[in-house]
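The values are calculated or read from the model by the stated rules, or taken from the named source; none is laboratory data. Here the structure is a predicted model, which means the values were calculated and not measured. In this analysis, Cβ positions are derived from the backbone assuming ideal geometry, glycine residues included, and neighbour counts consider all displayed protein chains. With ligands, DNA and RNA removed, areas are computed over all heavy atoms of the protein, side chains included. Shrake-Rupley method; radii C 1.70, N 1.55, O 1.52, S 1.80 Å.
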Amino acid sequence: MTTTPAYEAVLKGGKYPAKAHAKRVAAYIRDKFPDNGDGAARHAVLYLESRATKLLEDNDEAEPFRQRRPFYYMTGCPLADAYFVYDLATEKSTLFIPPIDPESVIWSGLPVSAEEALAQWDVDEVKYVADVNPFLAARVASSSSAEKGEKKSIVFAMEGQVSDQTTFLEFDDTDFSLLKEAIDECRVVKSAYELALMAKANDVSSAAHRDVLTHVGKVANEQELEGRFVGHCMSKGLRNQAYHSIVASGRAAATLHYVKNDQPMDNKLNLLLDAGAEYNCYAADITRTFPISGKFSVESRAIYDIVLRMQLECISLLKEGVLWDDVHVHAHKVAIDGLHALGIFKGDKQAIFRDRTSVAFFPHGLGHYLGMDTHDTGGHANYADTDTMFRYLRVRGKLPAGSVITVEPGIYFCEFIIRPFLKDPAHSKYIDETVLDKYWDVGGVRIEDNVVITKTGCDNLTTAPKDPDEMLAIINGTN
Ligand code: GLY
Ligand code: MN
Ligand code: MN
């Protein structure tokens, strides 16, 4: 008997909580605006636009549409060519949608009406886009008269995301930076509804990963596995992938963002599949690595076991307030320990850590926030960090409860990265090249799950198999 997943009840029972999001963003702006309190913030409105429809070059079809994330966060509305205004004084949200164009109805069907929009999305009122300029002007006029003209008015909008027809003529001030900052920061902690969307994206993507495992033995080329993964997600109603899948066989797995996905898989050891669908704009980001033949080599199993230990130990450390930098360090220490036990590293383990030699094998960060974007907002990465161990760590600092983060350690045998370490005496003294030479064909192993940080630990949203024996059983059809 199949049971209905818990996330379905949350999704069926409510709307995307756009008003709660707008309130949080407004509170952030009130708090940060330098002239807050009795100042201009009381006459402030927030203004956002959805993505405009754009035609393909030399063609009469629209480009694939991806909704602007800040707009979706504040409205839950997936429409193109729509606008949104939030009044900080009244806390009222107004959505402006495209009108019915009789000429296009025959081609595209009836668009959403204002009444339908109000019923579907969590906003206070819905108007049509032609109303937006008079509406903004009226907002300024009403707030000025209420305060006898003493207060200044300000509109907060997104840099580069205001169309020509929208004028902010009546406003005393415009600010094109704080709204983005506010939304970016508020997006880090997810509501129960957002977590339900992410649970669904993860559930379907996890099942697609499992489906791929059942298929590995029947196909010859990476592209067939990509087709299997994407097809599975689409058949469950998830039409969009959160990012381009990485389907990398053999040594290609050492290329972190490999995109070819079209190579034959015969005579190669591992397949690294990094793939996740999105559901209503919310992403899954899952990686699994498995032996194509259904049997690990001694070397690839040894590396797999180290990466799995990196991941499981890191997950066990997670809870609200944990410093992500520390968890990343722990992953490096497990990697050093494991590679040392295999004889790839030699010498003093603390010195290997201190001299950052493990970066040659684990060159990226342990993970990133996940949400509407695969690499979600609010992580405060420092790509200029002179410490190579932290340069690509996309989240720095403490993890709040309600944030969703990927835990994706990896060990890679990438000649382009490792050869310079072998030429540098500061690192080469720690690496046994004779032992290393047995591992190049392992390519790369990454295991990536998506977890929700809680007060006492974390909830793992990802259920794709990662236990090595379970994966082998599925590949070999013996499960
Ligand atoms: N799929 C991209 C990443 O894991 O960051
Ligand atoms: Mn990721
Ligand atoms: Mn990934």
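Quick notes on this structure:
- Test: residue in the stretch 65-78 that is more than 21 Å from the chain's Cα centre (by Cα) and either crowded, with 19+ Cβ neighbours inside 10 Å or not in a loop (DSSP other than H, G, I, E, B) (or both): no
- Each residue in the stretch 259-275 was checked for being within 15 Å of ligand 1 (Cβ to nearest atom) and at pLDDT 95 or above, and 5 of them qualify.
- Top-ranked residue in the stretch 203-227 [being in contact with a Phe, Trp or Tyr (Cβ under 9 Å, 6 or more places away or on another chain) and under 17 Å from Asn240 (Cα atoms); ranked as most open to solvent (accessible area, probe 1.4 Å)]: Asp203
- Residue match in the stretch 108-121 (condition: open to solvent by 40 Å² or more (accessible area, probe 1.4 Å), assigned to a loop (DSSP other than H, G, I, E, B) and modelled with pLDDT of 95 or more): no
- Verdict on Val395 being under 16 Å from the mean Cα position of the chain (by Cα) and open to solvent by less than 30 Å² (accessible area, probe 1.4 Å): yes
- Residue match in the stretch 344-355 (condition: touching a residue at least 12 places away in the same chain (Cβ under 8 Å), within 29 Å of Ser249 (Cβ to Cβ) and either away from ligand 3 (no atom under 16 Å from the Cβ) or surrounded by fewer than 18 Cβ atoms within 10 Å (Cβ to Cβ) (or both)): yes
- Residues within the stretch 233-251 that are more than 14 Å from ligand 1 (Cβ to nearest atom) and surrounded by fewer than 21 Cβ atoms within 10 Å (Cβ to Cβ), tallied: 7
- Residue, farthest from ligand 3 (Cβ to nearest atom), within the stretch 356-380, restricted to residues that are open to solvent by less than 10 Å² (accessible area, probe 1.4 Å) and assigned to a helix (DSSP H, G or I): Thr357
- Flag if Ala253 is within 16 Å of ligand 3 (Cβ to nearest atom) and in contact with a strand residue (DSSP E or B) (Cβ under 6 Å, 6 or more places away or on another chain): yes
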